[in-house]
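Since the structure comes first, as structure tokens, the remarks are kept for the end.
Please treat every number below as a calculation from the coordinates, not as lab data. Not measured: the values here are computed from a predicted model.
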Amino acid sequence: MLASRARTVSVKAQAKQQAKPAKASVARAVAAVVTSVALLAAPVIAAEVNDDTVRPAVCAANPTAKICLRGSFARSQQ
């Protein structure tokens, strides 16, 4: 009984171009702005840091670093 009710079906598919999500381009733009601001602000931030704040951290990790050896005799005499 089911065999007698068989129908012929034809399918027509059309490809539509999908819109790209805008989030990716917005994220790239935000990343570019953040990177440019960080690159422009880096010299200003670096100028505010002196050797007394950097030296202990660097010397703890690498006591033979140039910043640790430079003037070390004068510092030990104080």
> For the stretch 24-77, what size does the Cα cloud have along each of its three principal axes, sorted from largest down, in whole Å?
Replying inline: 58, 20, 13
> What full-extension length gain, to one decimal in nm, is calculated for Asn62 and Ala27 as 0.36 nm per residue of separation minus the Cα-Cα distance?
Replying inline: 8.8 nm
